[in-house]
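Asker: Dropping the structure in here first, questions after.
The values are calculated or read from the model by the stated rules, or taken from the named source; none is laboratory data. From a predicted model like this one, the values you see are computed outputs, not experimental measurements. Here the Cβ is made from the backbone with ideal geometry for all residues, glycine too, and neighbour counts use every protein chain on show.
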Amino acid sequence: MTDDSRVTQWTDEQHRLHTPAASKNQRTIFQTSVAYHPTVDIRGDVAVIYGINDSVKSRVESWRTQAYQVHLMTGVAWGDYHRYLNGDWDGKKHLDEAQTDIGGNPILHGVDVPYMCPGPDYGRFLAEGVLEACAAGVSAVHLEEPEFWARGGYSPAFQREWELHYDESWEAPHSSVDARWRANKLMYFLYRRALQQVFDAVQAWNANHAANVKCYVPTHSLINYAAWRIVSPESSLALLKGSDGFVAQVWTGTAREPNYYRGLLKERTFETAFLEYGIMQNLVRSTSRTIWYLADPVEDKPTYSWSDYRANYQSTLVASLLAPEVANYEITPWPERVFGYPGKEGQTGGAHIPDDYAQELQQVFNALKDMKQCTMDCIGADFPALGVAMSDSLMFQRGGPHESDDKMGHIFGLSMPFVKQGIPIQPMQLENFSLDGYLDKVSVLLMSYEGQKPLSPEVHLSLRAWVESGGILIFVDDDRDPFNLIREWWNIGSNRFTTPRHHLFGLLGADCGEHGFRGHPVGKGTLTYLRYSPSDLANTHNGSARLIEEVVKSLPDITWQPAGYLGLRRGPYIAIAGLDETEAPGITLEGSFVDLFDAKLLVKRRVQIFPGARHLLIDLSRMTSDVVACAGQLSDEKCDSLSWTGCVRGAEGTPGVLMLRLPWIAYSATVDDEKVQIQVDPEMGLVWLRFDNIARPQSIRVHSCGHTCGSDEEAERLGYVTVFREDAEP
C-alpha cells in the first residue's frame, strides 16, 4: 500500500456508489508494475498488476481499495525465474533451458534474464506462481508473450525436445529449409504445452475453490512476430481448454515496422496497425473468446518526442477502432511511464507529458468504455467483403536458410494495395477456416502459399465448401518458395503433391499447371490463379495497380470507386483516417462534430479528411447523452430543469474537462462548491468546464439560467454567451 496522504480510503458503500455500472463489463484495462498512486489513477475498469514477487498481495490490495477490479500479468518467456534456473525450485538446475543462438550464446531480455526454452517442468513452475496470485484474489491472469526467437534453437534442452518430439536426431535449424520448418514448429509446440499446463492448474484451482479465475494471453500479432522472427503459439491457443482470450499487443513499436508498397520502404503505422489488429480479431472470431485491443500513448523506446508518440498513438488508436466486432481495449500499458510516478522518470529523457496530451488521453480512455454500439457503418470504398489468408506458419519460414521475404512482402503485397484504396480488407486466420461460419464474413479471398503453408489438409476442404457456396478465391503464387519441398502432409504418405497449392487446386477441379487463369467455376463460386510473387508485387512500383486490376477483373459486375480514407461509425462516434500514397479522393464530413483528439473540444461544422488525418469524432446529431466528453471518470449524473450534477475523478495533476449538452442554457457551475468559469454555446446547449483532476470524485454542479436553448442573439441579449465552436478559442 502506498502511504501517500492523498490516497482516500473508502467504505464499501462509497465504492458501490462511485463505481459506474460500465466498469463491471471490464471494457477497459491497463497493465502496471506499481502500487496505486494518485498520478496513475486513470480509471480504467481493470488494473492488471504485472509481475509475481513478494509485493503482489500489497499491490493487488492497493488497487482494489480504489474500486478497481484486479487481474495479474506475468511474463511467460522471461522473468525473475532464477529459482527455476538455479535449481532452488525443484532441486534440478535448468540453466540449459535458456534459448541459445548458433554461437552458444543465451538470448537475453536485459542483462541476465534469459528467454526460456520451456522444458516439461517449466509450465508447472509458472503455474505455481500464478496460483499464488489466485490466492491473492485476482479475477484473471494474463500470461504474456510466449516467445521463442527463431535464432534460438540450439540449446541442449531444445535438442532433447527435438529428439523426443520427432523421434530422430536433432538437426541444426540453419542446415536446411526442412530443419528450419521443424525447429520453428517445435518452438510453437513447446510454448503451447507450457501454457496448457498453466491453464490446467488454474482450472483445477477454480474447481477446488469454487472460483472463476480467467486465463488470457497478451501477445503480439502474427504479422509482427513473423516480421521480428519470433515464434509463438498464436491461433493454437484459442481453442485450448482453459483459454479465455487474448490482449492484442499492437502499438507504435510494432506498427511502425517499415514495409514495402509500390517499391518504397517506409513506416506505415496506421495501415500496418489496421492489419495487425485485423489478424488478432480473426484469431478469435467464431471461438467465443474475449479480446482486448492495446494502444500505447508512448512506446518502449524513450528517445522519441512527445509529438511523435502522440501522432503514432492516434494512428494506432484509430486503426483499433475500425474492427466493429471488438469493443474492449487496453487503454495503456505502464501508465506510470505516461503520467509519471514518484521515483520513476518520465519519457523523453525525463520530460513530463504535455498537459493537452494528458487531457486528450483521458478523454479517449473515457470514450473507449462506450464503443459497444448497436449501429456500425463502414466509411470507405464500396467493395465486396475482402479477406486475405494468413497462417501461423508465417513464423515457421523465418530465420534462414531461404527465409521468406525480409520485409514480409508476401503479406503486404496482397493486403496493402487495398488498404491504400480505402478497402477494409480482413486478414483471415487459415487455421480457423474449419470453424462454423468463419468464412461467412468475406465473399472474396486472396491467398498465397509464399511465406506460409497450410498446417493440415482440412483447411482445403473448408475452402472448397466456401467456394462451392459462392465464394471467389484468388490465389497468387509462383510456386518458387523453397519451403514447398519440406517434409509435410502434402508430400508424405499417400500424398504426392509438389506444393500444397496442387492439393487445393485438385480439390477444386482446376488445372494445377504453371499457367494462370481467371474465373474457373467451382459450384456457385470461382477460382482465379495469378502466377505472381506477392513479394514482387510489394517491391515493384506498379505491383499494387496490377493486383487490383486483376482482382477487379475476377469480380463479376463490379463497379467501385477507391476512397482516400478508411473509417467506422460507431453510434455517435466516428473513427477515421486519411490515407496517403493514393490518388483516391478524400472526403469532407459536414454537421456538428467534436474531436476527442482536440484538447479544446471545439465544435466543428466541417471536418476535412486529408492524407495523414486522424480523428476520433463525436457526431452531436447522434449523441443522446448529456455528457459529450470528459477527461476522467464520470459517475452519479443527474439532470433536471434547474441543474446538472455529477462526479468526476481523474489522474492527479492532469487537466480535467467536462463538456455537456443540456436542454437549457447554463448560467454558472461549481466544482466541490467552488465556482469555476464556464464557456457556453447557448444555441446548441453546450457547456464546457475546466478544472484540475484529483484522484477522488469531485462534485460538479451546473446551474440553469432558466432559459431553454435558443439563438445566439437571444442569449447575447441575456448576457450568458461565450460561443465556442469552429475556430473560436476557449
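Asker: Any chance the range 229-246 includes a residue that's outside any helix (DSSP H, G or I), closer than 30 Å to Ala545 by Cα and touching a residue at least 24 places away in the same chain (Cβ under 8 Å)?
Answerer: yes
Asker: Right, here's the next one. For the range 192-209, does any single residue satisfy the condition of being crowded, with 18+ Cβ neighbours inside 10 Å, assigned to a strand (DSSP E or B) and either at pLDDT 95 or above or within 25 Å of the chain's Cα centre (by Cα) (or both)?
Answerer: Among the residues of the range 192-209, not one is crowded, with 18+ Cβ neighbours inside 10 Å, assigned to a strand (DSSP E or B) and either at pLDDT 95 or above or within 25 Å of the chain's Cα centre (by Cα) (or both), which makes the answer no.
Asker: Over 22 Å from Asp598 (Cβ atoms), under 17 Å from the mean Cα position of the chain (by Cα), surrounded by fewer than 22 Cβ atoms within 10 Å (Cβ to Cβ) and touching a residue at least 12 places away in the same chain (Cβ under 8 Å) - does that describe any residue in the range 300-307?
Answerer: yes
Asker: Also: Can you report the number of residues in the range 498-528 which are within 33 Å of the chain's Cα centre (by Cα) and of a type in the set (Ser, Thr, Tyr)?
Answerer: 1
Asker: While we're here: Please identify the pairs in which a residue from the range 531-556 that is surrounded by fewer than 20 Cβ atoms within 10 Å (Cβ to Cβ) has its Cβ atom under 6 Å from the Cβ atom of a residue that is in a helix (DSSP H, G or I), counting only partners at least 6 apart or on another chain.
Answerer: What qualifies is Ile548/Pro417.
Asker: Quick check on my filter: what residues within the range 240-286 are acidic (Asp, Glu), closer than 30 Å to Asp436 by Cα and surrounded by fewer than 22 Cβ atoms within 10 Å (Cβ to Cβ)?
Answerer: Selection gives Asp244 alone.
Asker: Just to check your reading of the model, which residue among Ile472, Ile486 is more than 16 Å from Ser235 (Cβ to Cβ), in contact (Cβ under 8 Å) with a residue 24 or more places away in the chain and touching a Gly at 6+ places or on another chain (Cβ under 7 Å)? Before the answer, list the steps.
Answerer: Values: Ile486 fails: touching a Gly at 6+ places or on another chain (Cβ under 7 Å).
On inspection, the qualifying residue turns out to be Ile472.
Asker: So Asp478 ticks every box in (1) part of a loop (DSSP other than H, G, I, E, B); (2) in contact with a His (Cβ under 8 Å, 6 or more places away or on another chain); (3) not basic (Lys, Arg) but one. Which box is left unticked?
Answerer: (2)
Asker: Would you check if Met623 is under 32 Å from the mean Cα position of the chain (by Cα) and free of Cβ contacts under 8 Å to residues at least 60 places away in the same chain?
Answerer: When the stated conditions are applied, Met623 passes them.
Asker: Tell me, yes or no, whether the range 443-452 has at least one residue that is more than 22 Å from the chain's Cα centre (by Cα), of a type in the set (Phe, Trp, Tyr) and within 23 Å of Arg531 (Cβ to Cβ).
Answerer: So in the range 443-452, the residues more than 22 Å from the chain's Cα centre (by Cα) come out as 443-452.
Subsequent filtering for residues that are of a type in the set (Phe, Trp, Tyr) retains 449.
Within this subset, residues satisfying the condition of being within 23 Å of Arg531 (Cβ to Cβ) are 449.
Checked the range 443-452: at least one residue is more than 22 Å from the chain's Cα centre (by Cα), of a type in the set (Phe, Trp, Tyr) and within 23 Å of Arg531 (Cβ to Cβ).
Asker: Further question on the same structure: Considering only the range 64-115, how many residues are more than 30 Å from the chain's Cα centre (by Cα) and of a type in the set (Phe, Trp, Tyr)?
Answerer: Number satisfying all stated conditions: 2.
Asker: Suppose we filter Gly506, Gly516 for residues that are more than 21 Å from Leu430 (Cβ to Cβ), of a type outside the set (A, V, I, L, M, F, W, C) and surrounded by fewer than 17 Cβ atoms within 10 Å (Cβ to Cβ); which single one remains?
Answerer: When all the criteria are applied, what remains is Gly516.
Asker: Give me the pairs, please: first residue somewhere in the range 651-665 and over 30 Å from Gly340 (Cα atoms) and modelled with pLDDT under 95, second residue anywhere and β-branched (Val, Ile, Thr) and surrounded by fewer than 23 Cβ atoms within 10 Å (Cβ to Cβ), beta-carbon distance under 6 Å, and either six or more positions apart or on two chains.
Answerer: Trp664/Thr708
Asker: Could you please find all residues in the range 609-620 being farther than 19 Å from Ala599 by Cβ and over 22 Å from the mean Cα position of the chain (by Cα)?
Answerer: Initially, the range 609-620 is screened for residues farther than 19 Å from Ala599 by Cβ, giving 609-612, 619.
Listed by number, the residues that qualify are Ile609, Phe610, Pro611, Asp619.
Asker: Looking only at residues that are outside any helix (DSSP H, G or I) and acidic (Asp, Glu) in the range 354-390, which one is nearest to the chain's Cα centre (by Cα)?
Answerer: This residue is Asp370.
Asker: Can you tell me which residue is modelled with the lowest pLDDT among those in the range 632-650 that are among the hydrophobic types (A, V, I, L, M, F, W, C) and touching a helix residue (DSSP H, G or I) at 6+ places or on another chain (Cβ under 9 Å)? Lay out the reasoning, then the answer.
Answerer: First, pick out the residues of the range 632-650 that are among the hydrophobic types (A, V, I, L, M, F, W, C): 634, 639, 642, 644, 647-648.
Okay, now just the ones that are also touching a helix residue (DSSP H, G or I) at 6+ places or on another chain (Cβ under 9 Å), so 634, 647.
Working: Leu634: 95, Cys647: 98.
Selected residue: Leu634.
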